[in-house]
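One structure is given here, and the rest of the page talks about it.
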Amino acid sequence: MKTSFLLLACACSLGQPNSRSEWQLTPQLAPGQELVYTGACIEESLVPNVQFQRQYRVETLVFVLGGAPGRWDVAVMTVLSQRTPRAEPGGKEMKVISVRLEQAQVNAQGKLTQGAGIPLPPLSGPPTFETGCFVEAPGTRLTKSSMWEVNEDSRPPRAWQVAGLEAVNGVTCVKVIGQQQSPDWDRPRGDHTAWRRRDVVWIAPQLGVAQKVERTIEQRDPLRRDPTSRVIVQYELQSPLRYQGPLFEDRKQEIAKVRKFQEDAALLLKQPAQNRAQLDALLKKVSLHVENHAPTPYRKAVVHLASRIENAKNGNAVADPTIDENPRPVAAVGIGQRVPDFVVNELTGKQCRLSRLLGRPVLVFFYAPTGDTGKEVLRFAQSLVQQHGDKISVMAMAVTNDAEVARKQHAELRLSFPILDGGGMRLTFGVDATPRVVLLDPEGYVRVACTGWGVHVPREIQDELQRWLRK
């Protein structure tokens with residue numbers, strides 16, 4: 001008889017009341033911890049006299065593989081099931097249509113990252129990779145009505161606000177609400193589909209992750225005044241147990257096996273007709289694993305992959321539904337292109353948004369605080385502020401892993417503009433070396449972009465700046 005080493009301490013702590021008036025929403029994770037979420041997704045038409053609705057079951061597991069202070073390595077698996085046509089109304093006959101398992105990292109602010117980018121929730125249809133249990137929040141303490149914004153690749157920033165405390169199944173949670181919409185949602189156009197997203201997340205302070213998630217995405221077709229469709233996703237935390245010993249190792253090993261099988265299958269599935277022998281060999285390896293290893297909750301990913309390989313081998317392969325969800329790589333903006341709106345954090349913890357600085361030229365520059373060139377760029381920017389005052393804006397992006405060095409330098413140079421965290425916007429501005437200096441016109445279009453520093457750079461910035469200030 002096997003002994004299960006399940007540590008229930010974190011589960012018990014969830015029920016403890018929390019009457020504090022401020023909170024720091026930092027994930028509190030540990031190796032071997034497994035968060036199990038279950039819920040549903042409904043997609044439906046809102047067009048009058050059109051009856052369309054699909055229902056799905058959504059299950060997401062987050063397993064903590066390991067980590068270091070302020071950072072955890074996790075595996076996330078989402079299983080999406082759909083009610084079969086034979087199922088009776090209210091019945092439970094569901095067919096698994098997608099299983100996706102990925103590895104990622106979570107930092108102390110709740111930000112989830114991955115080399116290829118974390119897929120964003122689709123604007124239409126159900127999510128095949130669900131990570132809404134993590135909410136990226138500032139590293140400072142929050143109070144009721146605290147507000148912050150978070151960047152998302154290819155979409156406008158998402159605005160969050162603390163709504164207060166609310167209990168979910170006996171757990172006192174911090175309720176936060178996120179809002180996001182396309183630029184044309186409030187200004188309907190005849191040539192574009194507009195959308196609006198609203199997230200309501202109840203975060204258990206003891207865990208720093210969601211106890212409950214509700215997300216609604218509405219779309220409005222061109223030439224329409226009202227929403228024409230919506231997708232509603234709802235799920236709750238069922239278990240936050242921590243596993244040790246063999247149960248931890250079994251899960252960790254099966255996750256590693258799934259990832260290896262996925263890597264081996266990726267190229268073969270692109271041309272199944274030419275790779276039938278290799279697919280057959282891979283299928284045998286998968287079957288051998290299933291026969292000789294005890295199943296874990298992540299066995300679903302193995303079985304689903306085996307089904308895809310079998311279909312591909314028999315000529316019945318279908319496109320991987322996860323491909324289109326991956327965010328497209330952000331291309332660096334060039335001369336004459338408009339910079340999309342974004343939010344960055346000041347080193348003091350406050351936030352700075354580009355759109356609030358427009359209406360006047362904006363000097364954006366990335367620099368290394370530890371170099372002499374960085375000091376020269378900072379002094380140049382300060383001279384522009386002293387010369388032109390509030391007729392220009394400055395966004396000083398520090399590229400460093402040591403924020404304290406940048407803070408000390410800011411104080412020593414007595415700068416009148418804040419220092420920002422430049423780590424997240426380097427792709428957008430094409431930063432492959434520092435300093436990188438970019439001048440935006442009052443509408444946010446790039447007018448000057450230079451990498452490196454020499455006598456020509458300040459001159460070029462000054463000349464272009466004068467041209468816009470005269471206007």
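The values are calculated or read from the model by the stated rules, or taken from the named source; none is laboratory data. Quick caveat: nothing in here was measured; it's all calculated off a predicted structure. All Cβ positions, glycine included, derive from the backbone under ideal geometry; neighbour counts span all protein chains shown. Note: areas computed on protein heavy atoms with side chains; ligands, DNA, RNA excluded. Shrake-Rupley method; radii C 1.70, N 1.55, O 1.52, S 1.80 Å.
For the subset of region 175-192 comprising residues that are of a type outside the set (Lys, Arg) and open to solvent by 50 Å² or more (accessible area, probe 1.4 Å), which member is nearest to Pro205 (Cα to Cα)? Only one residue fits best here, namely Gln179. Of all the residues in region 121-168, those that are crowded, with 19+ Cβ neighbours inside 10 Å, of a type in the set (A, V, I, L, M, F, W, C) and out of contact with any helix residue (DSSP H, G or I) (no Cβ under 8 Å at 6 or more places or on another chain) number 9. Looking across region 229-246, the residues that are touching a Gly at 6+ places or on another chain (Cβ under 8 Å), under 26 Å from Tyr298 (Cβ atoms) and either without any contact (Cβ under 8 Å) to a residue 60 or more places away in the chain or buried (at least 20 other Cβ atoms within 10 Å of the Cβ) (or both) come down to Val233, Tyr235, Arg242, Tyr243. When we screen Pro127, Pro121, Pro27, Pro31 for residues that are out of contact with any Ser or Thr (no Cβ under 8 Å at 6 or more places or on another chain), touching a residue at least 60 places away in the same chain (Cβ under 8 Å), under 18 Å from Ile232 (Cα atoms) and not in a strand (DSSP E or B), the only hit is Pro121.
Only one of the numbered conditions (1) surrounded by fewer than 21 Cβ atoms within 10 Å (Cβ to Cβ); (2) free of Cβ contacts under 8 Å to residues at least 40 places away in the same chain; (3) within 27 Å of Gly139 (Cα to Cα) is violated by Thr172, and that is (2).
Filter region 261-287 for residues that are open to solvent by 100 Å² or more (accessible area, probe 1.4 Å) and either in a helix (DSSP H, G or I) or touching a helix residue (DSSP H, G or I) at 6+ places or on another chain (Cβ under 8 Å) (or both); which is nearest to Val99 (Cα to Cα)? That would be Glu263. Report yes if some residue within region 137-154 is more than 23 Å from Leu420 (Cβ to Cβ), polar (S, T, N, Q) and at pLDDT 90 or above; otherwise report no. Taking every residue of region 137-154 in turn, at least one turns out to be more than 23 Å from Leu420 (Cβ to Cβ), polar (S, T, N, Q) and at pLDDT 90 or above. Restricting Asp226, Asp250 to residues that are modelled with pLDDT of 95 or more, acidic (Asp, Glu) and open to solvent by 50 Å² or more (accessible area, probe 1.4 Å) narrows the list to Asp250.
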